[in-house]
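In what follows, a structure is listed as structure tokens, so that the remarks can point back to it.
The values are calculated or read from the model by the stated rules, or taken from the named source; none is laboratory data. Keep in mind the model is a prediction, meaning the values are calculated, not measured. Virtual Cβ from ideal backbone geometry, glycine too; neighbours counted across all protein chains shown. When the accessible area is computed, the model is the full protein with side chains, heavy atoms only, and any ligands, DNA or RNA have been set aside. Shrake-Rupley method; radii C 1.70, N 1.55, O 1.52, S 1.80 Å.
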Amino acid sequence: MERLRRTEIFSVWSDEDLSHLFKGARVLEMNVGQILFLEGDAATAFYFLLDGQVKLVTSAADGHEKIVDILQGGDLFAEAVAFLGYRYPVQAIAAMPSRVLEIPLTIFLVILQQHQELMLQMLGRLSLRLRHLIMELRHLTVESADQRVVGYLLELCPSGNSPVSLLLPAKKAMIAARLGLTPETFSRVLKRLREEHLITVEKLKIYIHRPSALRQWAKEDR
């Protein structure tokens, strides 16, 4: 319950309301490659990833798979679509063995109807999240490969300019697809960053020497 409360949407819910919600929810055990929902399916539930990894994918114009997002344990997803009663615009696939909490939309809406102040607070949080997604889409369409990779690495960093060691949350090929890049382009950018002595790479572990220098490098014309 406490993990769900740490999400933006449920941070304002009482213990009683969360308990009511949990009574109708169920935990799904997923194997690698198992599909949680398909693109176009009616949105009857939304989900909280307890542990593991789930990728959200859609079909690109050329017929290839396009990764929209890579979800980690503690992520809530599909809530906006379910809340509005739409169909899922993507499909969700387990990228590794995962456990997912499925929350039926019907129970969720009953609780909101009983506490309309929760609905207003949640709409505000969903609006902020939508704004973030719009900004991210804009970045992916106008930024260079260097800027996309650097921006992604900096998102994983804590605030400040101290040296930081981070672990990439997914395989490099999956992250490249998430950024709209080929694996080869992603690797080339990492290589350039290493040659500039901005980062050190050990498989999925990346050491960033100075985040501010990394940010400045992405702004320079090359």
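Would you confirm, using the coordinates I've provided, whether Val68 is touching a strand residue (DSSP E or B) at 6+ places or on another chain (Cβ under 6 Å), closer than 18 Å to Gly180 by Cα, assigned to a strand (DSSP E or B) and touching a residue at least 24 places away in the same chain (Cβ under 8 Å)? It is true that Val68 is touching a strand residue (DSSP E or B) at 6+ places or on another chain (Cβ under 6 Å), closer than 18 Å to Gly180 by Cα, assigned to a strand (DSSP E or B) and touching a residue at least 24 places away in the same chain (Cβ under 8 Å). Taking region 109-222 as the region of interest, the helices (runs of 4 or more DSSP H) fully inside it that hold 2 or more residues being open to solvent by 60 Å² or more (accessible area, probe 1.4 Å) and at pLDDT below 80 are 116-142. Exactly one residue out of Ala43, Ala78 is of a type outside the set (Val, Ile, Thr) and in contact (Cβ under 8 Å) with a residue 60 or more places away in the chain, and it is Ala43. When you look at Val81, is it modelled with pLDDT of 90 or more, on the phi < 0 side of the Ramachandran plot and open to solvent by less than 40 Å² (accessible area, probe 1.4 Å), yes or no? In short, no. In region 16-30, the residues that are touching a residue at least 24 places away in the same chain (Cβ under 8 Å) form Cβ pairs under 8 Å with partners that are among the polar types (S, T, N, Q) and assigned to a helix (DSSP H, G or I), at six or more places apart or across chains, as follows: Gly24/Thr106. Look at region 15-41 and say how many of its residues are open to solvent by less than 50 Å² (accessible area, probe 1.4 Å) and either among the basic types (Lys, Arg) or not in a helix (DSSP H, G or I) (or both). Counting residues in region 15-41 that are open to solvent by less than 50 Å² (accessible area, probe 1.4 Å) and either among the basic types (Lys, Arg) or not in a helix (DSSP H, G or I) (or both) gives 7. Looking at Leu56, is it without any contact (Cβ under 8 Å) to a residue 24 or more places away in the chain, surrounded by 16 or more Cβ atoms within 10 Å (Cβ to Cβ) and not in a loop (DSSP other than H, G, I, E, B)? No; evaluated as a whole, the condition is false for this residue.
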